[in-house]
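What follows is a single structure, written as C-alpha coordinates, with notes after it.
The values are calculated or read from the model by the stated rules, or taken from the named source; none is laboratory data. Everything numeric here is computed off the predicted structure, so don't read it as measured data. Reconstructed Cβ throughout: ideal geometry from the backbone, glycine too, with neighbour counts over all protein chains shown. Just so you know, the surface numbers come from the protein's heavy atoms only, side chains and all, with ligands and any DNA or RNA stripped out. Shrake-Rupley method; radii C 1.70, N 1.55, O 1.52, S 1.80 Å.
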Amino acid sequence: MAKDIPLTFACGDYEIMRALKEGKVKPDGMELTILNDMDSTTRHWRILRNHEFDIGELSGSSYIMAKERGAPYEAIPVFPHRRFRHGFVFINTAAGIKSPEDLEGKRVGVNRGYTVTTGVWARGILAEEHGVDLSKITWVLSGDEHVAEYKAPKNVVPIGAGKNMQDMLISGELAGAIGVDVDHPDVKPLIPDALDAGLAALKSRGHYPINHVVVIRNDLLAKYPDLAADAFNAFAESRRLYVEKLKAGKIEKPTSVDKVHEKVMAITGDPLPFGVEPNRKVIEMLIGHAMSQGIITRKVTVDELFAPSTLKLKA
(Lines give C-alpha, C1' and ligand atoms only; values in the text may rest on other atoms or scores of the structure.)
Protein backbone atom coordinates (compact mmCIF):
# COMPACT_ATOMS: atom_id res chain seq x y z
CA MET A 1 0.00 0.00 0.00
CA ALA A 2 1.16 3.55 -0.66
CA LYS A 3 2.71 5.28 2.31
CA ASP A 4 0.67 7.19 4.89
CA ILE A 5 -2.68 7.29 3.12
CA PRO A 6 -4.90 9.79 5.04
CA LEU A 7 -8.04 8.00 6.25
CA THR A 8 -10.86 8.82 8.65
CA PHE A 9 -11.95 6.26 11.24
CA ALA A 10 -15.18 6.88 13.16
CA CYS A 11 -15.52 4.78 16.31
CA GLY A 12 -16.50 4.77 19.96
CA ASP A 13 -14.05 5.80 22.66
CA TYR A 14 -13.10 2.32 23.88
CA GLU A 15 -10.12 1.13 25.88
CA ILE A 16 -9.56 -1.52 23.24
CA MET A 17 -8.80 1.30 20.78
CA ARG A 18 -6.79 3.43 23.23
CA ALA A 19 -3.32 2.49 21.97
CA LEU A 20 -4.37 3.31 18.42
CA LYS A 21 -5.87 6.64 19.45
CA GLU A 22 -2.81 7.64 21.48
CA GLY A 23 -0.38 6.70 18.72
CA LYS A 24 1.22 3.78 20.56
CA VAL A 25 0.11 1.64 17.63
CA LYS A 26 0.67 3.04 14.15
CA PRO A 27 -1.14 1.35 11.24
CA ASP A 28 1.08 0.34 8.36
CA GLY A 29 0.69 2.63 5.35
CA MET A 30 -2.06 4.89 6.69
CA GLU A 31 -2.48 8.07 8.66
CA LEU A 32 -5.67 7.66 10.67
CA THR A 33 -7.76 10.56 11.86
CA ILE A 34 -9.85 9.02 14.64
CA LEU A 35 -13.29 10.50 15.15
CA ASN A 36 -15.05 9.47 18.36
CA ASP A 37 -16.94 12.65 19.14
CA MET A 38 -20.39 11.35 18.14
CA ASP A 39 -22.88 8.87 19.58
CA SER A 40 -23.34 5.50 17.92
CA THR A 41 -26.71 6.37 16.33
CA THR A 42 -25.22 9.42 14.61
CA ARG A 43 -22.14 7.47 13.51
CA HIS A 44 -24.09 4.57 12.05
CA TRP A 45 -26.48 6.91 10.26
CA ARG A 46 -23.60 8.88 8.73
CA ILE A 47 -21.88 5.70 7.58
CA LEU A 48 -24.91 4.06 6.00
CA ARG A 49 -26.90 7.06 4.80
CA ASN A 50 -24.09 9.44 3.82
CA HIS A 51 -21.05 7.14 3.37
CA GLU A 52 -18.99 9.77 5.18
CA PHE A 53 -16.06 7.87 6.66
CA ASP A 54 -13.30 5.74 5.14
CA ILE A 55 -13.37 3.26 8.03
CA GLY A 56 -16.12 3.04 10.60
CA GLU A 57 -17.52 1.15 13.55
CA LEU A 58 -21.01 -0.01 12.60
CA SER A 59 -23.95 -1.88 14.12
CA GLY A 60 -23.54 -5.55 13.22
CA SER A 61 -27.14 -6.24 12.21
CA SER A 62 -27.31 -2.97 10.26
CA TYR A 63 -24.19 -4.00 8.35
CA ILE A 64 -25.63 -7.42 7.50
CA MET A 65 -28.84 -5.77 6.29
CA ALA A 66 -26.99 -3.06 4.35
CA LYS A 67 -24.64 -5.60 2.78
CA GLU A 68 -27.65 -7.47 1.35
CA ARG A 69 -28.79 -4.18 -0.18
CA GLY A 70 -25.45 -3.32 -1.79
CA ALA A 71 -23.92 -0.88 0.71
CA PRO A 72 -20.44 0.28 -0.44
CA TYR A 73 -18.64 -1.13 2.59
CA GLU A 74 -17.03 -4.42 3.54
CA ALA A 75 -16.29 -5.57 7.06
CA ILE A 76 -13.08 -6.80 8.61
CA PRO A 77 -13.40 -9.21 11.59
CA VAL A 78 -12.67 -6.58 14.23
CA PHE A 79 -15.32 -6.32 16.95
CA PRO A 80 -14.81 -3.29 19.21
CA HIS A 81 -18.08 -3.58 21.12
CA ARG A 82 -19.61 -6.72 22.64
CA ARG A 83 -22.23 -6.82 25.37
CA PHE A 84 -24.68 -9.21 26.95
CA ARG A 85 -28.26 -8.08 26.34
CA HIS A 86 -30.22 -10.10 28.90
CA GLY A 87 -30.62 -6.98 31.04
CA PHE A 88 -31.95 -4.73 28.28
CA VAL A 89 -35.61 -5.79 28.36
CA PHE A 90 -37.70 -3.87 30.89
CA ILE A 91 -41.31 -4.34 31.90
CA ASN A 92 -44.06 -2.39 33.64
CA THR A 93 -44.68 -4.28 36.88
CA ALA A 94 -48.45 -3.71 36.62
CA ALA A 95 -48.71 -5.21 33.14
CA GLY A 96 -49.17 -8.78 34.32
CA ILE A 97 -45.82 -10.02 32.97
CA LYS A 98 -44.80 -12.99 35.10
CA SER A 99 -42.58 -14.65 32.49
CA PRO A 100 -41.14 -13.62 29.11
CA GLU A 101 -43.91 -15.52 27.27
CA ASP A 102 -46.45 -13.13 28.83
CA LEU A 103 -45.18 -10.47 26.44
CA GLU A 104 -47.04 -12.25 23.64
CA GLY A 105 -50.11 -10.25 22.64
CA LYS A 106 -48.64 -7.08 24.15
CA ARG A 107 -47.05 -3.89 22.82
CA VAL A 108 -43.32 -3.72 23.51
CA GLY A 109 -41.14 -0.73 22.75
CA VAL A 110 -37.80 -0.83 20.94
CA ASN A 111 -35.46 2.10 21.44
CA ARG A 112 -34.54 3.48 18.01
CA GLY A 113 -35.07 1.09 15.06
CA TYR A 114 -36.24 -2.50 14.83
CA THR A 115 -33.01 -3.54 13.10
CA VAL A 116 -30.60 -2.07 15.69
CA THR A 117 -28.34 -4.83 17.01
CA THR A 118 -29.29 -4.41 20.68
CA GLY A 119 -32.91 -5.18 19.86
CA VAL A 120 -31.98 -8.06 17.57
CA TRP A 121 -29.98 -9.78 20.32
CA ALA A 122 -32.58 -9.04 23.02
CA ARG A 123 -35.40 -10.49 20.90
CA GLY A 124 -33.18 -13.45 20.05
CA ILE A 125 -32.74 -14.13 23.77
CA LEU A 126 -36.51 -13.99 24.30
CA ALA A 127 -37.10 -16.44 21.46
CA GLU A 128 -34.16 -18.81 21.94
CA GLU A 129 -33.93 -18.99 25.71
CA HIS A 130 -37.55 -18.41 26.71
CA GLY A 131 -39.64 -19.68 23.79
CA VAL A 132 -41.31 -16.33 23.05
CA ASP A 133 -43.15 -16.11 19.71
CA LEU A 134 -41.86 -12.75 18.49
CA SER A 135 -44.55 -12.54 15.80
CA LYS A 136 -47.22 -12.30 18.52
CA ILE A 137 -45.77 -9.07 19.90
CA THR A 138 -46.39 -5.59 18.46
CA TRP A 139 -43.01 -3.87 18.39
CA VAL A 140 -43.23 -0.09 18.81
CA LEU A 141 -40.24 1.93 17.53
CA SER A 142 -38.97 5.24 18.87
CA GLY A 143 -36.80 5.96 15.81
CA ASP A 144 -36.13 4.97 12.24
CA GLU A 145 -33.74 2.48 10.63
CA HIS A 146 -30.15 3.01 9.60
CA VAL A 147 -30.99 1.61 6.16
CA ALA A 148 -33.72 3.74 4.58
CA GLU A 149 -34.90 1.05 2.15
CA TYR A 150 -35.79 -1.44 4.88
CA LYS A 151 -39.43 -2.54 5.13
CA ALA A 152 -40.36 -3.89 8.55
CA PRO A 153 -42.74 -6.79 9.30
CA LYS A 154 -46.40 -5.90 9.81
CA ASN A 155 -46.16 -6.23 13.60
CA VAL A 156 -43.59 -3.41 13.76
CA VAL A 157 -45.08 0.08 14.11
CA PRO A 158 -43.83 3.64 14.78
CA ILE A 159 -44.35 5.16 18.18
CA GLY A 160 -46.67 7.94 17.06
CA ALA A 161 -46.26 11.70 17.01
CA GLY A 162 -45.62 13.34 20.37
CA LYS A 163 -45.16 10.02 22.20
CA ASN A 164 -42.28 9.23 24.54
CA MET A 165 -41.25 5.60 25.04
CA GLN A 166 -40.16 6.00 28.65
CA ASP A 167 -43.47 7.64 29.57
CA MET A 168 -45.42 4.94 27.73
CA LEU A 169 -43.60 2.23 29.67
CA ILE A 170 -44.15 3.97 33.01
CA SER A 171 -47.86 4.48 32.30
CA GLY A 172 -48.37 0.90 31.13
CA GLU A 173 -49.24 1.88 27.56
CA LEU A 174 -46.31 -0.38 26.73
CA ALA A 175 -45.97 -3.66 28.65
CA GLY A 176 -42.23 -3.65 28.10
CA ALA A 177 -39.41 -1.99 26.19
CA ILE A 178 -35.93 -2.83 24.93
CA GLY A 179 -32.97 -0.52 25.43
CA VAL A 180 -34.66 2.25 27.40
CA ASP A 181 -33.22 4.18 30.32
CA VAL A 182 -35.93 4.44 32.98
CA ASP A 183 -35.61 4.96 36.72
CA HIS A 184 -39.09 4.39 38.11
CA PRO A 185 -40.51 2.06 40.80
CA ASP A 186 -43.00 0.57 38.32
CA VAL A 187 -40.29 -0.48 35.85
CA LYS A 188 -37.91 -3.39 36.35
CA PRO A 189 -35.77 -5.74 34.21
CA LEU A 190 -37.65 -8.69 32.77
CA ILE A 191 -34.76 -11.10 33.38
CA PRO A 192 -33.35 -10.97 36.93
CA ASP A 193 -29.61 -11.39 37.52
CA ALA A 194 -29.01 -10.50 33.88
CA LEU A 195 -25.22 -10.75 33.92
CA ASP A 196 -25.35 -14.21 35.46
CA ALA A 197 -27.84 -15.22 32.75
CA GLY A 198 -25.48 -13.90 30.09
CA LEU A 199 -22.48 -15.72 31.51
CA ALA A 200 -24.52 -18.93 31.72
CA ALA A 201 -25.46 -18.54 28.05
CA LEU A 202 -21.79 -18.02 27.21
CA LYS A 203 -20.85 -21.23 29.03
CA SER A 204 -23.65 -23.30 27.52
CA ARG A 205 -23.70 -22.13 23.91
CA GLY A 206 -20.93 -19.63 23.28
CA HIS A 207 -23.29 -16.66 23.45
CA TYR A 208 -21.28 -13.43 23.79
CA PRO A 209 -23.00 -10.94 21.48
CA ILE A 210 -21.04 -8.97 18.94
CA ASN A 211 -22.73 -5.61 18.62
CA HIS A 212 -20.42 -3.75 16.26
CA VAL A 213 -18.06 -4.51 13.39
CA VAL A 214 -15.48 -2.38 11.58
CA VAL A 215 -16.18 -1.59 7.91
CA ILE A 216 -14.07 -0.09 5.14
CA ARG A 217 -15.24 1.61 1.95
CA ASN A 218 -15.17 -0.70 -1.07
CA ASP A 219 -13.46 1.83 -3.35
CA LEU A 220 -10.52 2.03 -0.93
CA LEU A 221 -10.26 -1.76 -0.71
CA ALA A 222 -10.16 -1.92 -4.51
CA LYS A 223 -7.50 0.79 -4.70
CA TYR A 224 -5.35 -0.54 -1.85
CA PRO A 225 -5.44 -4.37 -1.76
CA ASP A 226 -3.43 -4.52 1.50
CA LEU A 227 -5.67 -2.09 3.37
CA ALA A 228 -8.02 -4.62 4.98
CA ALA A 229 -5.23 -6.80 6.39
CA ASP A 230 -3.13 -3.79 7.47
CA ALA A 231 -6.11 -2.28 9.29
CA PHE A 232 -6.91 -5.61 10.96
CA ASN A 233 -3.33 -5.94 12.18
CA ALA A 234 -3.32 -2.44 13.67
CA PHE A 235 -6.60 -3.00 15.50
CA ALA A 236 -5.38 -6.41 16.66
CA GLU A 237 -2.24 -4.91 18.17
CA SER A 238 -4.25 -2.28 20.05
CA ARG A 239 -6.53 -5.07 21.27
CA ARG A 240 -3.52 -7.15 22.39
CA LEU A 241 -2.15 -4.33 24.53
CA TYR A 242 -5.51 -3.85 26.23
CA VAL A 243 -6.03 -7.57 26.92
CA GLU A 244 -2.49 -7.86 28.31
CA LYS A 245 -3.25 -5.08 30.81
CA LEU A 246 -6.55 -6.72 31.68
CA LYS A 247 -4.91 -10.10 32.31
CA ALA A 248 -2.19 -8.51 34.42
CA GLY A 249 -4.71 -6.56 36.51
CA LYS A 250 -3.13 -3.28 35.41
CA ILE A 251 -6.26 -1.38 34.45
CA GLU A 252 -5.99 1.62 36.78
CA LYS A 253 -9.69 2.39 37.15
CA PRO A 254 -11.65 -0.62 35.85
CA THR A 255 -15.05 0.27 34.41
CA SER A 256 -18.11 -1.95 34.48
CA VAL A 257 -17.16 -2.99 30.94
CA ASP A 258 -13.66 -4.01 32.06
CA LYS A 259 -15.18 -6.05 34.88
CA VAL A 260 -17.45 -7.93 32.47
CA HIS A 261 -14.45 -8.62 30.23
CA GLU A 262 -12.67 -10.11 33.25
CA LYS A 263 -15.61 -12.44 33.92
CA VAL A 264 -15.72 -13.48 30.27
CA MET A 265 -11.97 -14.02 30.26
CA ALA A 266 -12.31 -16.43 33.18
CA ILE A 267 -14.59 -18.56 31.00
CA THR A 268 -13.08 -18.24 27.53
CA GLY A 269 -9.48 -17.18 28.13
CA ASP A 270 -9.88 -14.24 25.75
CA PRO A 271 -12.72 -11.74 26.21
CA LEU A 272 -12.40 -9.98 22.85
CA PRO A 273 -11.15 -12.27 20.08
CA PHE A 274 -10.81 -10.85 16.57
CA GLY A 275 -11.02 -12.92 13.40
CA VAL A 276 -13.70 -14.94 11.62
CA GLU A 277 -12.99 -18.39 13.04
CA PRO A 278 -12.96 -17.50 16.76
CA ASN A 279 -16.29 -15.73 16.25
CA ARG A 280 -17.99 -17.85 13.59
CA LYS A 281 -20.54 -19.36 15.95
CA VAL A 282 -21.76 -16.06 17.41
CA ILE A 283 -21.84 -14.39 13.96
CA GLU A 284 -23.98 -17.29 12.73
CA MET A 285 -26.29 -16.63 15.70
CA LEU A 286 -26.65 -12.98 14.67
CA ILE A 287 -27.33 -13.92 11.04
CA GLY A 288 -29.93 -16.45 12.20
CA HIS A 289 -31.70 -13.86 14.35
CA ALA A 290 -31.62 -11.33 11.51
CA MET A 291 -33.22 -13.89 9.21
CA SER A 292 -35.90 -15.09 11.64
CA GLN A 293 -36.80 -11.52 12.64
CA GLY A 294 -37.34 -10.36 9.06
CA ILE A 295 -34.28 -8.12 8.86
CA ILE A 296 -32.68 -9.93 5.92
CA THR A 297 -34.34 -11.97 3.19
CA ARG A 298 -31.50 -14.44 2.60
CA LYS A 299 -29.38 -16.28 5.13
CA VAL A 300 -25.93 -15.03 4.16
CA THR A 301 -22.79 -16.96 5.03
CA VAL A 302 -20.29 -15.67 7.54
CA ASP A 303 -17.45 -15.56 5.03
CA GLU A 304 -19.24 -13.35 2.52
CA LEU A 305 -19.55 -10.58 5.13
CA PHE A 306 -15.80 -10.01 5.43
CA ALA A 307 -12.97 -8.88 3.17
CA PRO A 308 -11.40 -12.04 1.63
CA SER A 309 -7.88 -11.02 2.70
CA THR A 310 -8.96 -11.13 6.37
CA LEU A 311 -10.77 -14.47 6.46
CA LYS A 312 -7.76 -16.37 7.84
CA LEU A 313 -6.58 -13.65 10.21
CA LYS A 314 -7.18 -13.86 13.94
CA ALA A 315 -5.97 -12.21 17.13
Grab the other residues whose beta carbon is less than 15 angstrom from that of G172, score K and R as +1, D and E as -1, and report the net. 0
With every protein chain kept in the model, how would you rank K154, K26, K223 by accessible area, 1.4 Å probe, largest at the top? K154, K26, K223
If you place +1 on the Cβ of every Lys and Arg and -1 on the Cβ of every Asp and Glu, how big does the dipole about the Cα centre of the stretch 85-210 come out, in debye to the nearest 20? 240 debye
Cα gyration tensor, the stretch 156-229 - rounded (a/c under 1.5), prolate or oblate: oblate
As an exercise, take the mean of 1/r over every pair of distinct alpha carbons in the stretch 140-265, invert it, and state the Kirkwood radius in angstroms. 19.4 Å
Any trypsin sites (Lys or Arg not before Pro) in the stretch 1-106 that lie in a DSSP loop and have at most 14 other Cβ atoms within 10 Å would be K3, K24, R69, K98
With all protein chains modelled, accessible area of T301 [1.4 Å, Å²]: 70 Å²
Decide, for the stretch 193-315, between rounded, prolate and oblate: order the square roots of the alpha carbon gyration tensor eigenvalues as a ≥ b ≥ c, take rounded if a/c falls under 1.5, and otherwise choose prolate if a/b is larger than b/c, else oblate. oblate
About its Cα centre, how strong a charge dipole does the stretch 1-61 have in debye, to the nearest 20, once Lys and Arg get +1 and Asp and Glu get -1 at the Cβ? 60 debye
Calculated from DSSP H runs of 4 or more alone, at -39500 (n - 2.57) each and per residue, what is the 222 nm mean residue ellipticity of the chain, nearest 500? -10500 deg cm²/dmol
Exposure ranking of T8, T93 by accessible area [1.4 Å probe, largest first]: T93, T8
For the stretch 46-100, state which GluC sites (Glu not before Pro) are in a DSSP loop and have at most 16 other beta carbons lying within 10 Å of their beta carbon. E52
Cα-Cα longer than 22 Å, checked against K67/K223; K98/K281; K24/K67, kept in input order, equals K98/K281; K24/K67
For E252, E277, the accessible-area ranking with a 1.4 Å probe, largest leading, is E252, E277
Counting only other residues whose beta carbon sits under 14 Å from that of G160, what net charge do I get with K and R as +1, D and E as -1? -1
With +1 on the Cβ of every Lys and Arg and -1 on the Cβ of every Asp and Glu, and nothing else charged, how large is the dipole of the chain about its Cα centre, in debye rounded to the nearest 20? 400 debye
If you line up the long axis of helix 280-292 against the longest principal axis of the chain, both from Cα atoms, how many degrees apart are they, to the nearest 10? 40 degrees
In the chain, if the dipole is taken from +1 on Lys/Arg beta carbons and -1 on Asp/Glu beta carbons about the Cα centre, which of V264, Y224, S62 is farthest to the positive end? V264
Cβ-Cβ cut-off under 10 Å around V182, Lys and Arg +1, Asp and Glu -1: the net charge is -3
To test your reading of the geometry: what angle, between 0 and 90 degrees and rounded to tens, separates the Cα axis of helix 40-50 from the longest principal axis of the chain? 70 degrees
Signed unit charges on C-beta, dipole axis of the stretch 115-164, positive-most listed residue G160, G119, Y150: G160
For helix 117-130, what angle does its Cα long axis make with the longest principal axis of the chain, in degrees from 0 to 90 and rounded to 10? 50 degrees
Given axes a ≥ b ≥ c from the Cα gyration tensor, I'd like to know whether the stretch 121-192 is rounded (a/c under 1.5), prolate (a/b larger than b/c) or oblate. oblate
Enter the accessible area per residue of the stretch 1-78 (Å², integer; probe 1.4 Å; all protein chains in place). 42 Å²
